[in-house]
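Worksheet for the structure shown next.
The values are calculated or read from the model by the stated rules, or taken from the named source; none is laboratory data. Everything numeric here is computed off the predicted structure, so don't read it as measured data. Cβ placement follows ideal geometry from the backbone for every residue including glycine, while neighbour counts extend to all protein chains displayed.
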Amino acid sequence: MSGLHDRHRAVLPDWLALYYDEPIEIVRGEGRHVWDAAGNRYLDLFGGILTTMTAHALPEVTKAVSEQAGRIIHSSTLYLNRPMVELAERIAELSGIPDARVFFTTSGTEANDAALLLATAHRRSNQILAMRNSYHGRSFSAVGITGNKGWSPTSLSPLATHYVHGGVRTRGPFAHLSDADFTAACVADLRDVLGQTRPGVAALIAEPVQGVGGFTSPPDGLYAAFREVLDEHGILWITDEVQTGWGRTGDHFWGWQAHAESGPPDLLTFAKGIGNGMSIGGVVARAEIMNGLDANSISTFGGSPVTMAAGLANLTYLLDHDLMANARTVGALLREQLTAACADLPGVREVRGRGLMLGVELVRPGTLEPDQAAASAALEAARAAGVLIGKGGGHDTSVLRVAPPLTLTAQEAREGAAALAQALRATAGG
Ligand code: PMP
């Protein structure tokens with residue numbers, strides 16, 4: 001163990017998981033590459049958990065951050081804050097939510113916590129619908145809506161949560177159905193759950209593409225079909241866009257737009273890549289919901305001028321360079337190459353995802369049993385081949401996750417796919 005690893009173990013919580021048998025200290029990044037303390041260079045296909053959204057050391061973001069830091073770093077929400085107002089205006093407009101208000105936090109957990117506070121206060125109910133296999137954060141409230149045992153350290157909760165089907169298309173009791181029948185079965189399940197709960201459920205919270213759950217998603221339109229049922233009961237729809245935000249899926253700016261037939265969600269949460277690495281989270285809601293709290297609330301660090309400057313520069317860059325289109329075309333190329341490379345590997349059950357949000361699910365050859373050991377070995381082998389990726393998936397962490405910065409080039413996609421193919425051949429070949 002390196003000295004730093006020993007020191008990490010000695011002073012930080014045991015549950016703060018580190019990747020790799022010999023963890024990496026990343027000391028520098030540029031574009032889609034990072035360097036470790038030993039000078040090794042890696043193609044970064046995980047972006048620090050989808051958080052370096054655009055590129056490492058993007059000059060436009062670095063400049064905005066340093067210029068703002070040179071003026072003022074912090075003032076708090078007690079004073080007017082121009083970058084915060086500007087970013088709120090732009091996110092409100094982009095959100096698709098009418099008469100939108102934006103509240104900034106410092107993390108996705110806190111964003112979801114705020115959304116839960118708003119929805120439960122608005123509906124005067126602590127009942128929440130969440131998806132099986134979901135992840136929404138690490139706080140006491142967020143853990144209470146997490147349908148993933150591996151990320152649920154307690155069953156105690158301030159919420160009464162009912163879990164419904166739909167986030168995982170290719171496993172579970174409805175996996176064999178066609179898309180239309182799958183959606184119909186999930187809607188029937190939702191109705192069944194609602195028929196058995198106390199009236200007055202506050203909200204459904206869902207990730208359009210489940211991130212920690214292994215980049216799984218329902219057929220397009222499922223949440224629109226859910227929305228019709230929710231509307232019959234006045235139940236709010238919260239879309240957790242912490243991983244899908246700002247065009248990562250290639251097809252839409254937000255993940256909910258793949259489910260837009262019944263209108264926009266009531267609340268939307270975002271975080272991770274919005275500040276290209278600066279800590280920005282937040283919630284968007286219709287004014288009537290956002291303004292419904294009858295006590296003061298603040299976030300001391302939420303909306304800090306430095307993070308907002310980063311968010312504005314990042315958003316401008318992303319739109320000016322149409323990175324959503326890049327996610328679509330380069331993501332399609334990467335998916336195609338990975339699919340071809342995995343075609344004859346018996347340990348690969350599925351290559352899935354959209355845009356630059358791709359998952360490779362590993363199983364014990366000839367079975368449907370998740371192969372956690374193969375996933376860990378593939379992660380190590382990819383690292384040895386100079387590529388950083390992530391892991392995820394239900395209770396078993398058997399899915400490799402590929403989610404690079406959205407500026408990934410076609411050449412880098414080819415290099416990454418070749419390195420991953422090599423890593424998978426060595427570990428999931430059968
Ligand atoms: N929601 C989703 C969908 C996430 O993936 C995450 C983080 N993995 C969170 C919320 C929590 O965000 P944070 O880690 O910033 O608190």
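When T161 is tested against the conditions (1) within 16 Å of the ligand (Cβ to nearest atom); (2) β-branched (V, I, T); (3) surrounded by 21 or more Cβ atoms within 10 Å (Cβ to Cβ), the lone failure is (3). Taking the conditions (1) more than 14 Å from the ligand (Cβ to nearest atom); (2) charged (D, E, K, R); (3) more than 30 Å from Q196 (Cβ to Cβ) in turn, R248 satisfies each one other than (1).
Looking only at residues of the stretch 101-151 that are under 26 Å from N276 (Cα atoms) and either of a type in the set (D, E, K, R) or more than 16 Å from the ligand (Cβ to nearest atom) (or both), we find that the one that is surrounded by the fewest Cβ atoms within 10 Å (Cβ to Cβ) is R138.
Within the stretch 327-340, identify whether any single residue is in contact with a His (Cβ under 9 Å, 6 or more places away or on another chain) and assigned to a helix (DSSP H, G or I), and answer yes or no. No; the residues of the stretch 327-340 include none that is in contact with a His (Cβ under 9 Å, 6 or more places away or on another chain) and assigned to a helix (DSSP H, G or I).
Every condition in (1) assigned by TED's automatic domain parsing to the domain that holds L356; (2) hydrophobic (A, V, I, L, M, F, W, C); (3) closer than 17 Å to G273 by Cα; (4) not in a loop (DSSP other than H, G, I, E, B) holds for M53 except the one numbered (4).
Within 16 Å of the ligand (Cβ to nearest atom) and either modelled with pLDDT of 95 or more or within 16 Å of R132 (Cβ to Cβ) (or both): is that true of F215 in this structure? Judged against the criteria, F215 is a match.
Do we find that A327 is modelled with pLDDT of 95 or more and buried (at least 19 other Cβ atoms within 10 Å of the Cβ) in this structure?
Details: modelled with pLDDT of 95 or more: yes; buried (at least 19 other Cβ atoms within 10 Å of the Cβ): yes.
In short, yes.
Annotation: T239 fulfils all but one of (1) surrounded by 24 or more Cβ atoms within 10 Å (Cβ to Cβ); (2) touching a residue at least 40 places away in the same chain (Cβ under 8 Å); the unmet one is (2). Scanning the stretch 8-50 for residues that are at positive phi and not in a loop (DSSP other than H, G, I, E, B) gives G31, G47, G48, I49, L50. Looking across F215, F253, one residue alone is surrounded by fewer than 22 Cβ atoms within 10 Å (Cβ to Cβ) and within 14 Å of the chain's Cα centre (by Cα). It is F253.
Screening the stretch 251-299 for residues that are of a type in the set (S, T, Y) and within 11 Å of the ligand (Cβ to nearest atom) and picking the one that is nearest to R123 (Cα to Cα) gives T269.
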